[in-house]
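The values are calculated or read from the model by the stated rules, or taken from the named source; none is laboratory data. Note that the coordinates shown come from a computational prediction; the quantities given were computed from them, not determined experimentally. Methodologically, a virtual Cβ is constructed for each residue, glycine included, from the backbone with ideal geometry; neighbour enumeration extends over all protein chains shown. What goes into the accessible areas is simple: the full protein's heavy atoms, side chains included, and nothing from ligands, DNA or RNA. Shrake-Rupley method; radii C 1.70, N 1.55, O 1.52, S 1.80 Å.
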Amino acid sequence: MNAPLTPARQAQAHTLWAFLVGNFFIGCGVMVVSGGLNDLVHDLRISIAQGGHLIAVAAVMMGVGAPVLAYLVSKLDRRQLLVGSLAWYAVGHGLCALMSDYAALIPVRALTVLGAAVFTPQAAATVGHISPPEHRGRNITFVFMGWSIASVVGMPLAAWVSERLGWRTAMGMVACGSALAAFWLMWGLPRGIRTPALSLRAWQRVFRSPLMMAVVLVTACQSAGQQTVLAYAAPYFKFGYGASPEQISVMFAWFGGLALTGNLLLNRFIDRIGAARAVTITLSLMLFSMAIWPLAVNLVWLAVIIVPWSISGFATNSGQQARLGALSPRLAPALLALNTSGIYLGHAAGATGGGWVLGVASYPSLPWLGMVWMVVALALSAWAMKRQQHRDARRRGLARTVVPRR
């Protein structure tokens, strides 16, 4: 029989759930354009490639904003910072829903996503800061699971709502949800939590470390590989496979449900097998799915073929968060901010590359470009894992040679 939770553990569990819900609505907001791309391009009378540019611009803002804002806000109380970022996100999505044309939407969307650039990495850094070392990896992957749940519920719902009620309604739903998440976090997160302030010297240590930067590049490359296909999934399903709005939603839900399953499995085993090994496995599974994509002659076959990718996609991002948090807990705020940059700059590269492919070829060519990114990510991950093993072995050897004073 399990022992009852102590008040301290109950409070920590409540805080973790508040972070998870916050990440859920952050994920919904980031994916709402991809899910509603069909209606958005129709309503604003723009091309699919221009819709992809909207995704890319937001991704660049998040990618550049994450490390810059991490430095600027490093001394702030975590409760004020994280609640404020969700409130900013809520207001921004409300304004996006009111924009009348593409030119007006782009700058509002670009400013709105700065809330995501702050929340996700700083939430992960805060969780790592308040968690005991033996539970750090599990707790970080738990709060990042909000993104996986967003892919299960948020992206399919955004696709269906956009197709039936319009993309503006989907944006408004994200605004309402983000406001509710801000209130929950304001109630659940204690005051006075501050992570170690990030000095310029700390940032220099990160940028001068080949190991740390290689791990961040793994995130960027795998994110680009995924977004090359995922950014254009809604029109791909519609025009490549003749999918109806309901079938598009079902495909997104299938992808998201498997992604959640993969994250749950990762959360269960990551502290046992190690984050680096787990990421190498998930990258291999995504590469396998893209390699056999040409066998997908209809939606049913496609649903089977994307299983390895779906299970691994969000699990890879969670594993990378835990991997960087373990590399240097003291530098975690900087590392996780850069990791977020890697995710979003990968989004931008993937959306831009996918748009280029659609300009010169067709939808079936998207997975081939995605494979190139995945091969690079896998090679970098394998190199970083070996280098980390050598570093850890050298440290253990030095520790054994230290002679205690008498």
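Using a 1.4 Å probe and counting only protein heavy atoms, arrange GLU134, GLU246, GLU163 so the residue with the most accessible area comes first.
The ranking, largest first, comes out as GLU134, GLU246, GLU163.
Can you find, among ASN317, MET286, VAL307, the residue farthest towards the positive end of the dipole of segment 276-399? Put +1 on the C-beta of Lys and Arg, -1 on that of Asp and Glu.
ASN317
Express in whole angstrom the spacing between the alpha-carbon centres of segment 52-76 and segment 119-167.
17 Å
Based on the mean of other beta carbon atoms within 10 Å per residue, what is the order of 203-212, 143-152, 363-372, 16-25, most packed first?
Result, highest mean Cβ count within 10 Å first: 143-152, 16-25, 363-372, 203-212.
Counting Lys +1, Arg +1, Asp -1, Glu -1, what net charge surrounds TYR71 among other residues with beta carbon under 14 Å of its beta carbon?
+3
Any idea what angle helix 155-164 forms with the longest principal axis of the chain, computed on alpha-carbon atoms, 0 to 90 degrees, nearest 10?
20 degrees
Please work out, to two decimal places, the log10 of the ratio I(q)/I(0) at q = 0.09, 0.22 Å⁻¹ from a Debye calculation in which every Cα of segment 279-406 carries one identical scatterer.
So the normalised log intensities work out to -0.37, -1.36.
Ignoring ligands, DNA and RNA, how do HIS129, HIS390, HIS93, HIS135 rank by accessible area with a 1.4 Å probe, largest first?
Heavy-atom accessible area, descending, gives HIS390, HIS129, HIS135, HIS93.
Give me the mean projected area, in nm² to one decimal, of the convex hull enclosing the Cα positions of segment 102-152.
The number I arrive at for segment 102-152 is 4.3 nm².
If you stretched the chain out fully between ALA382 and LEU72, how much longer would it get, using 0.36 nm times the residue separation minus the C-alpha to C-alpha distance?
My answer for the length gained is 108.3 nm.
Roughly how many percent of the accessible protein surface of segment 34-130 is carbon and sulfur, given a 1.4 Å probe and a whole-percent answer?
Summing carbon and sulfur atoms, their accessible area is 70 percent of the total for segment 34-130.
In what sequence, largest accessible area first, do CYS176, CYS96 appear using a 1.4 Å probe?
Of CYS176, CYS96, the descending order of accessible area is CYS176, CYS96.
I'd like the carbon and sulfur percentage of the solvent accessible area for segment 259-401, probe radius 1.4 Å, heavy atoms only, ligands and nucleic acids excluded.
Carbon and sulfur: 69 percent of the exposed surface of segment 259-401.
Relative contact order for segment 102-239: what is it in percent, counting Cα pairs under 8 Å that are at least 6 residues apart?
Rounded, it is 16 percent for segment 102-239.
When the dipole is taken about the Cα centre of the chain, and only Lys, Arg (+1) and Asp, Glu (-1) are charged at their Cβ, what size is it in debye, to the nearest 20?
With only Lys, Arg, Asp and Glu charged at Cβ, the dipole is about 2260 debye.
Tell me, what HN-Hα J-couplings in whole Hz come from the Karplus equation 6.51 cos²θ - 1.76 cosθ + 1.60 at θ = phi - 60° for each residue of segment 115-131, using x for Gly and Pro?
x, 5, 4, 8, 5, 4, x, 6, 5, 5, 5, 5, 4, x, 5, 8, 8
For helix 78-96, report the angle its Cα long axis makes with the longest principal axis of the Cα atoms of the chain; keep it between 0 and 90° and round to the nearest 10°.
With both axes taken from Cα atoms, the answer is about 10 degrees.
For the residue pair ILE106 and SER47, what label-to-label distance in nm results when each label sits 7 Å from Cα along the Cα-to-beta-carbon direction?
So the two model labels end up 1.4 nm from each other.
Per the 1.4 Å probe, what fraction of the accessible area of segment 159-203, in percent, lies on carbon and sulfur atoms?
Carbon and sulfur atoms account for 68 percent of the accessible area of segment 159-203.
Only Lys, Arg, Asp and Glu count, each charged at its Cβ (+1, +1, -1, -1), so figure out the dipole size of segment 234-368 about its Cα centre, rounded to 20 debye.
340 debye
For TRP88, tell me the accessible area in Å² from a 1.4 Å probe, rounded to the nearest 10.
130 Å²
Would you kindly state how much longer the chain becomes between ILE281 and ARG330 on full extension, computed as 0.36 nm times their sequence separation minus their alpha carbon distance, in nm to one decimal?
14.9 nm
Per-residue counts of other Cβ atoms within 10 Å, averaged by peptide: what ranking do you get for 181-194, 223-236, 303-316, 376-389, highest first?
Packing order, densest peptide first, comes out as 223-236, 303-316, 376-389, 181-194.
Report, in degrees rounded to the nearest 10, the 0 to 90 angle that the Cα long axis of helix 7-35 makes with the longest principal axis of the chain.
30 degrees
Please work out the average accessible area per residue across segment 43-186, using the 1.4 Å probe convention, and give it in Å².
Normalised by residue count, the accessible surface of segment 43-186 is 37 Å².
Residue farthest toward the positive end of the dipole of the chain, with Cβ of Lys/Arg at +1 and Asp/Glu at -1: which of ALA182, ALA326, GLY355?
ALA326
Translational diffusion coefficient of the chain at 10 °C, 1.306 mPa s, Stokes-Einstein with Kirkwood Rh over Cα pairs, in µm²/s as a whole number.
75 µm²/s
Solvent-accessible area per residue for segment 241-337 at a 1.4 Å probe radius, Å²?
Result: 37 Å² of accessible area for each residue.
If you count only protein heavy atoms and use a 1.4 Å probe, how large is the accessible surface of ILE130, to the nearest 10 Å²?
In the full protein context, ILE130 sits at about 50 Å².
First obtain the Kirkwood hydrodynamic radius of segment 17-61 from its Cα pairs, then insert it into the Stokes-Einstein equation at 37 °C and 0.692 mPa s, and state the resulting D in µm² per second as a whole number.
Here the translational diffusion coefficient equals 286 µm²/s.
Ignoring everything except DSSP H segments at least 4 long, calculate the 222 nm mean residue ellipticity for the chain; use -39,500 (n - 2.57) per segment, divide by total residues, nearest 500.
Result for the chain: -27000 deg cm²/dmol, rounded to the nearest 500.
Find the percent of Cα-Cα distances in segment 311-370 that exceed 19 Å, and round it to a whole number.
46 percent
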